[in-house]
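Step one of this worksheet: look at the structure below.
Quick note: the coordinates plus some simple rules give every number you see, no bench work behind them. Computed from a predicted structure; not experimentally measured. Backbone-built Cβ (ideal geometry, glycine too); neighbour counts: all protein chains shown.
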Amino acid sequence: MPEMPHIVKRVTQTWVVEPSGPLRGDISVRGSKNAVTKHMVAAMLGDGPSVIRNAPHVGDVDITAAMLEAAGFHVAREDGAITIAPGSEVRPKVPEAFTGLNRIPILMLGPLLHLTGEAFVPLVGGDPIGRRPVDFHVDALAALGAEVSYGPAGITAKATGLPGGRLHGARITLPYPSVGATETVLLSAVLAEGKTVLRNAATEPEVVELALFLQRMGAHIELSPDRRIVIEGVDKLKGASTRLAGDRLEAFSYLVAGLITGGEVRVHGCPQDRLVTAITTLARMGTQFDITDEWITASAPEGLQHAAVHTDTHPGFMTDWQQPLMVLFTQANGMSVLHETVFENRLVYVPALQKMGCEIEVFPNCLGGPACRFHDGNALHSAVIRGVSKLHGAEVELPDVRAGFSAVLAAAVADRPSTLHGVHHIERGYHHPFDQFTSLGLRIKAAA
Ligand code: EPU
C-alpha cells in the first residue's frame, strides 16, 4: 500500500489565534472539496487518464488519492492538477486503514463493481454531524442489481450473479435529496445496462458538476426538471479533463471572516450563482457587496442586523454555511434564529463557541422556519443567538471542518488569544487555511 499522507494518519495540530483587528485582503478559492473527491472517483471509470484542474490541496484529496492508489490507480498531483490513470490491476478492496476518515469509500462501490464485479469498502466517516447513515446508497445499489451485505468492518457488494456481471438500470426514488446518494447513483448507473431514472435527486452545484464531468467522459445523462435525472448506461467511458469551479463554502467563510472583524475580504474565483442565497442573506443583514465576474467583496460599514435563517437543500441556504453565520450572528445587533434542517446534529459545535462567550441557546423545536424532518425528535437543531456578544479567548477542541473554521472566526474577535486543537479538521476542507488567514492579517502561531 502507498505511504499514507499525514492527514490520513490523523496528526492533531494546534493553533494559537490572536485577535488581530479587521481582516482585509484578497483570497482566491480553488475548486470545492465536495466536488474534487467525487471527480477523482469518477475518473476510476475512464479507460484512459483524466485530469482535474484547479483542485484544492485539502486533506480529503490526500485521503482519496491514497484510497485510489490502494485500489490500483495511478494518481499524480502537480500545482492544482490531479491526473488519475488506470493501473495494471484493480484491487477491489479499499483497506480498512481508511475506516472513518471521510465519506468517499461508499462512492467507490459502484465504480469498483463495474471494474471487478465485486467490492469491499470500509465504514465511512466524515464529520460527526448526525447519524449519517448510508441506507439510501445501499438501497440504490441493490435496485441496480448489486448484492450488498454489511459486516462489522464495512460493506461488501457483488455484481457477479448478474448477466454479464453488470449492474442494470432501475427506477429509484430517494427518500430525501441526498448529495452522496445521488452521486452513488450517477457513478453506478452510467455504465449499467439500460436506463436509470432517479427521482428526488440532489441538485447541488457540486452534483451537477460531477454529472457534467461524467458526460465529458461519454456518459448519457439528462438533468430534468423536478429533481429527476435520467441516465442511459453506456458500454465504456473515456478519460476526460475539467477545471473545477470555485468552492462556495470556502468563499462564504472568508467573506464572513472580513465582515465579523469589521474588515473587508475580496474573494476571487467563486461564481456569483453559487452564492446567490448566501449573498441575499448577508445583504438583508446589512452587508454591502461589490460583485464582478472575477471577485466578490463584502463589507458592513454600518454594522449588521439580526436575521432568521433555515438551512436547506440547494438552492436554499446551505448547511455548510451555517457555522460561520452562527458566529457572525453573535456580532450582529439583536436576537437571531438559526434552524438546521439537513443534519440533525449539526449544532454539536455550539458548546465550543459558548466556551468562547457566544450567547447561543439550542432547542429541539423547529424555530425560524417551517417544521422540518426533525420536528418530533430530540435533536437540538435550532438555535437562538444573542448579539452583540463579547467573546473571550479559550482553549477548545475543534469538532469538524466547518465548525473548526467558525472557532477561528470567534477567536479573531475575542478579547485574548485562543488555543484551538484539532486544526487537521479545517485542513481537511480548506485550501492552505494558515496561509490564507495570515495573508488577511490574522496572527496565528502553529504548534504541533
Ligand atoms: N441521509 C440518509 N441516508 C443516506 C444518505 C443521507 O438518511 O444514505 C441523510 C443524512 O443523514 C442527512 C441528509 O440525508 O440528514 C443529507 O445528507 P447528504 O447525503 O446530502 O450529505 P452527504 O452527501 O453525506 C454532502 C457533503 C456535506 C454537505 C452535505 C449537504 C461531501 C463529502 N459532503 O454530504 O459537506 O453538508 O452534502 O450539502 O460532499 C462539509 O463539507 O463540511 C460537509 C459535511
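General remarks:
- Here Gly180 fits the description: within 16 Å of the ligand (Cβ to nearest atom), out of contact with any helix residue (DSSP H, G or I) (no Cβ under 6 Å at 6 or more places or on another chain) and within 19 Å of Pro111 (Cα to Cα).
- Annotation: of all residues in segment 166-176 being more than 7 Å from the ligand (Cβ to nearest atom) and either buried (at least 18 other Cβ atoms within 10 Å of the Cβ) or aromatic (Phe, Trp, Tyr) (or both), the one that is farthest from Thr203 (Cα to Cα) is Arg166.
- The single residue among Gly422, Gly377, Gly441 that is closer than 30 Å to Val36 by Cβ and within 16 Å of the ligand (Cβ to nearest atom) turns out to be Gly422.
- Filtered residues of segment 320-349 (kept if more than 18 Å from Asn365 (Cβ to Cβ) and either part of a loop (DSSP other than H, G, I, E, B) or within 16 Å of the ligand (Cβ to nearest atom) (or both)): Asp320, Trp321, Gln323, Pro324, Leu325, Val327, Gln331, Ala332, Tyr349
- Flag for Glu264 being among the charged types (D, E, K, R) and closer than 27 Å to Glu183 by Cβ: no
- A residue that is farther than 21 Å from Ser418 by Cβ, away from the ligand (no atom under 16 Å from the Cβ) and crowded, with 24+ Cβ neighbours inside 10 Å can be found somewhere in segment 273-286.
- Residues of segment 147-165 include at least one that is aromatic (Phe, Trp, Tyr), surrounded by fewer than 24 Cβ atoms within 10 Å (Cβ to Cβ) and more than 11 Å from the ligand (Cβ to nearest atom).
- Of the strands (runs of 3 or more DSSP E) contained entirely in segment 19-134, those carrying at least 1 residues that are within 16 Å of the ligand (Cβ to nearest atom) and either in contact with a strand residue (DSSP E or B) (Cβ under 9 Å, 6 or more places away or on another chain) or farther than 30 Å from Arg416 by Cα (or both) fall at 50-53, 118-122.
- Options Val396, Val408; residue that is in contact with a Ser or Thr (Cβ under 9 Å, 6 or more places away or on another chain) and part of a helix (DSSP H, G or I): Val408
- Within segment 301-319, the residues that satisfy the criterion of being within 16 Å of the ligand (Cβ to nearest atom), in a strand (DSSP E or B) and touching a residue at least 40 places away in the same chain (Cβ under 8 Å) are Val309, His310, Phe317.
- Residues in segment 187-207 that are within 14 Å of the ligand (Cβ to nearest atom) and in contact with a strand residue (DSSP E or B) (Cβ under 7 Å, 6 or more places away or on another chain): Leu198, Asn200, Ala201.
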